[in-house]
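Student: What follows is a single structure, and I will ask about it in a moment.
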Amino acid sequence: MNRAVQVGVGIGFGFGIGVVASLLGVAGGELLIPTLILLFGADIKLAESLSLAVSLPTMIVGFTRYSRDQSFSVIRENIGFTLVMAAGSGVGTFTGGLLLGIAPTVVLLPMLSLILLYSAFKIWRHG
């Protein structure tokens, strides 16, 4: 794919992922990583790193948008749980960053696939 087409496709998919991420209240990694791997041929480790970099502006815009109304009242109502999850996420992200250098791609790809499939199944059945 030539550079101009790649830029256009990247903008298009980025826009679509941004819309979906905003509607679902997610950072978009569940869509970004497969897009980067399947559409742009990125290695899973590169895709994970790029996903974090691309997700940051998505989260900032989402946070800004949802902080204007009462959408975040649920955070205040569940502040203890929110802080514990945030702390766990921070430690997990740090640990995952350390493991990324030693985790082989042949393990990461099936693991990502299984997580996405399991998540899709559980969400589909969620009442």
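Student: Tell me, rounded to the nearest percent, the portion of alpha carbon pairs in region 23-63 spaced more than 11 Å apart.
Tutor: Counting every Cα pair in region 23-63, those more than 11 Å apart make up 60 percent.
Student: If we sort 29-35, 77-83 on the protection proxy, mean other Cβ atoms within 10 Å, highest first, what's the order?
Tutor: Top to bottom by mean Cβ count within 10 Å: 29-35, 77-83.
Student: Hey, what did the chain get for relative contact order, percent, Cα under 8 Å, at least 6 apart?
Tutor: Relative contact order for the chain comes out at 20 percent.
Student: Can you give the extra length, in nm with one decimal, that the chain gains between ILE115 and LEU100 once fully stretched, where that is 0.36 nm per residue apart less the Cα-Cα distance? Present the calculation step by step, with values, prior to reporting the outcome.
Tutor: Details: separation 15, 0.36 × 15 = 5.40 nm, distance 1.70 nm.
Taking ILE115 through LEU100 to full extension adds about 3.7 nm, to one decimal.
Student: So, one more: Ratio to report: Rg/Rh of region 3-125, with Cα atoms as the point set and Rh obtained by the Kirkwood method; give two decimals.
Tutor: Over the Cα atoms of region 3-125, Rg/Rh equals 0.99.
Student: Determine the gain in length on full extension of the stretch SER73-MET85; use 0.36 nm per residue of separation and subtract their C-alpha separation, reporting nm with one decimal.
Tutor: 2.6 nm
Student: As an exercise, use a Förster radius of 25 Å and the Cβ-Cβ distance of TYR66 and ARG3 to find the FRET efficiency, rounded to the nearest 0.05.
Tutor: 0.10
Student: Right, another one. Determine the dipole magnitude for region 9-127: charges of +1 sit on the beta-carbon of Lys and Arg, -1 on that of Asp and Glu, nothing else is charged, the reference point is the Cα centre, and the result goes in debye to the nearest 20.
Tutor: Dipole about the Cα centre, nearest 20: 180 debye.
Every number in this text was worked out from the coordinates using simple rules, so none of it is lab data. Computed from a predicted structure; not experimentally measured. All Cβ positions, glycine included, derive from the backbone under ideal geometry; neighbour counts span all protein chains shown.
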